[in-house]
Amino acid sequence: MRQIDLRSDTVTLPTPAMRQAMAVAELGDDVFGEDPTVNRLEAMAAERVGKEAAVFVPSGTMANLICLLAHCGRGEEAIIGHMAHTFLFEAGGSAAVGGIHPHTVPNQPDGSLDLAAVEAAIRDPNNAHYPRTRLICLENTHNRCSGAVLAPGYMAQVRALADRYGLRIHLDGARLFNAAVALGLPAADVARDADSVSFCLSKGLSAPVGSLVCGSAEFVRQARRQRKVLGGGMRQAGVLAAAGIVALETMVERLADDHGNARCLAEGLARLPGIVLDPASIQSNIVIFELAAGAPAPAELVAGLAARGIKMGAIGGRRIRAVTHYGIEAADIEITLEAARALLH
Ligand code: TLP
């Protein structure tokens with residue numbers, strides 16, 4: 001039976017060109033700055049996102065943690081959406097490791113944070129009772145907001161607000177290239193208003209491992225230090241970076257196919273009884289839908305699909321998530337819709 005794994009775009013396997021590049025990569029000790037393949041990937045990443053410098057790190061979680069540690073000291077505050085990956089799914093790392101105080105603001109369904117709510121969350125630096133606000137964190141695309149793409153122009157407004165209060169902006173761009181492709185803009189435009197941006201090679205871009213932290217040369221110097229603190233210096237990491245270079249060279253434009261497949265999946269699902277979903281809200285490769293009261297429980301639908309070789313994730317409440325990616329074809333969407341139809345009739 002064909003397996004259709006829609007649990008995440010993290011399940012993607014490297015392409016044959018990536019495996020080939022990994023096998024022949026020129027290597028050195030990256031902690032000494034001497035791995036030519038890592039150096040090439042870092043230069044390429046900085047150029048793509050329009051920042052001075054970049055550093056290769058093991059994961060998206062470590063990338064975000066490194067950025068928060070580089071921006072905030074102990075007892076200082078980061079303003080962050082209540083559905084941000086960094087707030088929900090990174091094991092409280094910034095608090096556990098860095099003593100950073102998260103100040104949550106509600107995410108809007110489009111992934112944004114209401115500007116007035118952000119402003120209200122900024123502390124008076126002259127009042128000794130308060131933690132000091134240092135940072136505003138944004139996420140684009142937004143995982144828990146069904147892959148929502150932040151509207152162009154929104155970040156410029158956050159930038160203006162941050163500048164008024166002397167704050168920095170970190171962008172969790174785990175799926176930055178999905179946002180760029182969805183908007184038809186260069187990634188550098190999407191990241192322009194952020195002081196730091198992280199992006200992942202191992203999601204829709206299909207490389208096996210790795211993320212990049214990008215920012216000013218000085219910020220990246222700090223980030224390298226934090227990477228060392230966290231044990232993320234990786235020696236002959238060019239073997240991984242080689243796949244990342246192929247990912248940036250060959251896997252960005254095709255993300256549009258994933259977005260098209262996600263939209264087809266959402267349109268098909270929305271027609272089924274018991275599914276609550278507005279397909280127009282699906283802008284990238286993540287489809288989150290709800291099962292109405294009276295419909296099967298999410299665990300039941302997920303198990304029924306799994307028995308037919310289709311994997312999705314129940315993500316709490318009555319919600320299920322499906323993520324399209326390299327390896328999922330239009331025909332797989334049809335098979336998935338057929339199976340869901342049979343289970344929900
Ligand atoms: N997201 C994963 C899981 O952790 C939920 C997924 O399947 O979507 N930022 C964002 C926006 C992410 O979605 C993720 C991973 C990360 C950071 C962390 O990246 P990794 O998994 O490389 O540590």
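Quick note: the coordinates plus some simple rules give every number you see, no bench work behind them. As the structure is a computational prediction, the values presented were derived from the model and not from experiment. Backbone-built Cβ (ideal geometry, glycine too); neighbour counts: all protein chains shown.
Is segment 282-329 best put as rounded, prolate or oblate by its Cα gyration tensor, with a ≥ b ≥ c the root eigenvalues, rounded for a/c under 1.5, and otherwise prolate when a/b is larger than b/c, oblate when not? It is oblate, given that a/c is not under 1.5 and a/b is not larger than b/c.
Taking amide H as placed 1.01 Å from N in the peptide plane, the amide H of residue 216 sits under 5 Å from that of 52, each at least 5 places away or on another chain. Here is the size of the chain from its Cα atoms: Rg then Dmax, 20.4, 64 Å.
Every Cα-Cα pair in segment 61-211 was counted, and those over 24 Å apart are 26% of them.
From the alpha carbon centroid of segment 227-279 to that of segment 55-129 is 23 Å.
When all alpha-carbon pairs of segment 123-196 are counted, what percent fall beyond 22 Å? Here the long-distance tail beyond 22 Å is 28 percent of all Cα pairs in segment 123-196. Near the amide H of residue 211, within less than 5 Å, lie the amide hydrogens of 57, 59, 201, all on another chain or at least 5 residues away, with H placed in the peptide plane. For residue 105, nonlocal amide neighbours, meaning residues 5 or more places apart or on other chains whose placed amide H falls under 5 Å from its own, are 80, 81, 82. Here the 3J(HN,Hα) profile of segment 287-301, calculated from phi with Karplus coefficients 6.51, -1.76 and 1.60 at θ = phi - 60°, is 10, 10, 10, 10, 9, 5, 4, x, 7, x, 5, x, 4, 5, 5 Hz, Gly and Pro shown as x. With contributions of -39500 (n - 2.57) from each DSSP H run of at least four residues, the per-residue ellipticity at 222 nm computed over the chain stands at -12500 deg cm²/dmol.
Remark on segment 1-138: hydrodynamic radius 18.1 angstrom, per the Kirkwood mean of 1/r across alpha carbon pairs. When the Gaussian network model of the chain links Cα atoms closer than 10 Å, the mean-square fluctuations of 265, 305, 41 top out at 305.
For segment 212-218, the Karplus equation 6.51 cos²θ - 1.76 cosθ + 1.60, evaluated at θ = phi - 60°, returns couplings of 10, 10, 10, x, 5, 4, 5 Hz by residue, with Gly and Pro reported as x.
Within the listed set 224, 318, 164, the Gaussian network model of the chain (springs between alpha-carbon atoms below 10 Å) gives the highest mean-square fluctuation for 164.
Pairs of Cα atoms nearer than 8 Å and 6+ residues apart set the relative contact order; for the chain it is 25 percent. 3J(HN,Hα) couplings calculated from phi for segment 111-128 with the Karplus curve 6.51 cos²θ - 1.76 cosθ + 1.60 (θ = phi - 60°) are, in sequence order, x, 7, 10, 4, 4, 5, 5, 5, 4, 5, 7, 6, 7, 6, x, 8, 9, 5 Hz; Gly and Pro show x. Taking the number of Cβ atoms within 10 Å of each Cβ as an exposure proxy, the fewest-first ranking of 253, 334 is 253, 334.
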